[in-house]
1. Quickly rank 57-69, 83-95 as a protection proxy: mean count of other C-beta atoms within 10 Å, highest first.
2. Report the FRET efficiency, 1/(1 + (r/R0)^6), for Ser37 and Ala78, where r is their Cβ-Cβ distance and R0 is 25 Å, rounded to 0.05.
Amino acid sequence: MKFAHYSMPAMALFVACALTLPLTAIAEAPPSATPRSAEKLYASTCGYCHGRNVGPVILGRSLPVPAIEAVVRNGLNAMPAFRPSEISDAELAAVAAWVSTSAANPQEHGK
Ligand code: HEC
C-alpha cells in the first residue's frame with residue numbers, strides 16, 4: 001500500500017487543494033481576457049437597442065459617465081442590468097466615456 005506513507009491529514013489536505021484550486025482560479029479569472037473596444041461594445045451590445053429605437057438615443061447628449069455606468073450596472077425599466085462578468089469594469093468605463101463624448105449618429109433615429 002503506497003498511500004500508507006502519507007498521513008491522513010496530509011492526504012485530506014492534498015485532496016482539498018486539488019478540488020478547490022481550479023475553482024478558485026476560475027472565480028478569480030478576469031471576465032474578459034481581451035477587453036472589447038468601446039466602439040465595438042457599443043455596436044454589438046448597446047446599439048442593438050439604442051441604435052434601433054428599442055432604447056432612447058444616448059449618443060450626442062453628453063450624458064455624464066457615472067450616470068451611464070449606473071444604468072448599465074443596475075438596469076432601468078426595460079433595460080437589463082449587465083454584470084461585471086458580461087461587461088468588465090474597464091470595458092464599462094471605456095464605453096461610458098465613449099458614449100458620453102460621441103457625436104449623435106444620424107442613422108440612429110431615436111424617439
Ligand atoms: C435590451 C435593450 C438595451 C440594451 C442592450 C441596452 N439598453 Fe440602455 N436602455 C434601454 C431602454 C429601453 C432604456 C430606457 C429605460 C427607461 O427610461 O425606461 C435604456 C436607457 C439607457 C440609459 C438612460 C438614457 C437616458 O435618457 O437617461 C443609458 C445611459 C443607457 N441605457 C446606456 C446603455 C449602455 C451604455 C448600453 C450598453 C452597455 C445599453 N444601454 C444597453 C435598452 C437597452
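Bear in mind these aren't lab numbers, they're just calculated from the coordinates by the rules spelled out. Just so it is clear, the structure is predicted and the values come from calculations on it, not from any experiment. Please note: Cβ atoms are built from the backbone with ideal geometry, for glycine as well, and neighbour counts cover all protein chains shown.
1. Numbers: 57-69: 15.0, 83-95: 16.6.
Ranked by mean Cβ neighbours within 10 Å, highest first: 83-95, 57-69.
2. On the way: r = 26 Å, r/R0 = 1.05.
That pair, Ser37 with Ala78, gives E of 0.40.
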